[in-house]
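These notes concern the structure reproduced below.
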C-alpha cells in the first residue's frame, strides 16, 4: 500500500520519526553541554571568575526558559515540523559562531541566542512523537528519543579532550556546521501528523469545522488553573534545579573532589550518568507501556520509585571520597532520571488537553530552566564564597525525593 505524504500509514514512519528526531535531540544537548567540559581553557582565555563562567549557562537557560512557552505554542498552532527545522538551523549557526567569538560579552550574546532557538525544539519534538504514538508505545518512543539527549550530554564531555588536542573552538565549529546541514535535510523527511494535531475536527455531517484556539496567555491561565498541573510545575522546578546543577558543575566537582584531569573529569561527569539514563529510559519506557495496560498511573509510579532510589544515590555521590562508589551512585541516579524522562510527556498527555501539550511542556520548561539556570549562577557564587559543591548536591538530593513523592497527588484525566 502506498504511503500518502500527509498521512503516513503503518508502523514504520512513527518509529522513523523517533530515529530522525533522535539525532536532533543529540545535537541539541551536545551543543549546549560542550561548554561545561571546556571550562578551564575558556576561563583562562577570557580571565573569568566561577560566577562569570556560571553566567554563560545561566543566560542560556534564562533565554531558553523564557521562550519555551512561546516555542511550544507555535508548535501547537503552526505545526511541529516548521518549528523543529527553524530551531535546528538557528542553534547550529550560533554554535558555529561560538567557535569564532573574541570576547566574553560576545560569547554571552551567543549563548542567549542559542537558548532562544533551542527553546523551540523540545516541546515541538516531544509533541510530534506524542502525535504519532499512543498509550501502548508512547513511553518507549519518548524514552528512545530522550536517549539522544543522553548521548549528547555524554559525548559533550569529550569537549575536555578536544580542547586539549585542538583547542576549545574546534568542537563548536565542526558541530555547528554539521547541524546546519542536517537541518536542511529535515525539510525533506519530517512530516506533521495532521490526524493527531487537532488543528481541525470533523463534525457528524462530515463538514470540516475550524477549531477555536486560545491565545498563549489564555492557554497558560487555563493550565495553571488545574491543580495537577501545579504539582507538575513544582516537580519540574526541583528537577530543573538538580539537573542543571549536575550539568553545570559536576565536571568541576569531579575534578576538584577526586583530583581528576580535565578530560577525565568532563567525561566521567557526563558519561556514567548517561549510561544509567540510557538503560533507565528504555527499561522505564517498556515497563510503563506494559504496566499502563492495567494501571493508568504506571508512569507516575515509575518516576516516584526511580527517584526514591536515585536521589539518595546522588546524596551518596556527594558524600563519598571513593571514586568507584561515586560512579556507581551516579549510574543509579541516571537510571532514575531515565525513568523520569521517558514518562514526563506521556504523563502530561494524561493530565491536559492534547491540543496544548507542546505549550504545556514549554511552560514547564520555562519554570524549570529559569529556576535551574539561576541556581547554576548561584552555585558559582557559593563556590566563590567557599561553600562546597558536596553540600549543594546533598541538599538537592533531599528536595528531589520530596518533589517525586508530590506526584502522588496528580490526577489522571486523559486516557489513550
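Cβ-Cβ under 9 Å, sequence separation 6+ or interchain: first residue in segment 370-391 and touching a residue at least 60 places away in the same chain (Cβ under 8 Å), partner loosely packed, with under 14 Cβ neighbours inside 10 Å and not in a helix (DSSP H, G or I). Which pairs?
Note: pairs meeting the criteria are 379/387; 380/49; 381/387; 384/49.
Let's see how each residue does on (1) modelled with pLDDT of 90 or more; (2) crowded, with 24+ Cβ neighbours inside 10 Å; (3) out of contact with any strand residue (DSSP E or B) (no Cβ under 7 Å at 6 or more places or on another chain); (4) more than 24 Å from residue 394 (Cα to Cα):
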{"residue": "231", "(1), (2), (3), (4)": "yes, no, yes, no"}
{"residue": "248", "(1), (2), (3), (4)": "no, yes, yes, no"}
{"residue": "251", "(1), (2), (3), (4)": "no, yes, yes, no"}
{"residue": "271", "(1), (2), (3), (4)": "no, no, yes, no"}
{"residue": "294", "(1), (2), (3), (4)": "no, no, yes, yes"}
{"residue": "297", "(1), (2), (3), (4)": "yes, no, yes, yes"}
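Can you say whether residue 61 is over 24 Å from residue 130 (Cα atoms) and crowded, with 19+ Cβ neighbours inside 10 Å, as far as the supplied structure shows?
Yes: the conditions hold for residue 61.
Quick one: in segment 333-363, of everything that is outside any helix (DSSP H, G or I) and surrounded by fewer than 24 Cβ atoms within 10 Å (Cβ to Cβ), which residue is modelled with the lowest pLDDT?
So in segment 333-363, the residues outside any helix (DSSP H, G or I) come out as 342-343, 352-353.
With the extra rule that they be surrounded by fewer than 24 Cβ atoms within 10 Å (Cβ to Cβ), the set shrinks to 352-353.
Values: 352: 90, 353: 86.
Restricting to residues being outside any helix (DSSP H, G or I) and surrounded by fewer than 24 Cβ atoms within 10 Å (Cβ to Cβ), the top hit is 353.
Going through 171, 176 one at a time, which residue ends up being within 22 Å of the chain's Cα centre (by Cα) and at pLDDT 85 or above?
Details: 171 fails: at pLDDT 85 or above.
The conditions single out 176.
Need pairs with beta-carbon distance below 7 Å; first residue more than 15 Å from residue 410 (Cα to Cα) and within segment 282-308, second outside any helix (DSSP H, G or I); sequence gap 6+ or separate chains.
From segment 282-308, the pairs are 284/342; 284/343; 285/342; 288/342; 288/343; 289/136; 289/137; 292/135.
The values are calculated or read from the model by the stated rules, or taken from the named source; none is laboratory data. No experiment lies behind these values; they were computed from the predicted model shown. A quick note on method: Cβ atoms are made from the backbone with ideal geometry, for glycine too, and the neighbour counts reach across all protein chains shown.
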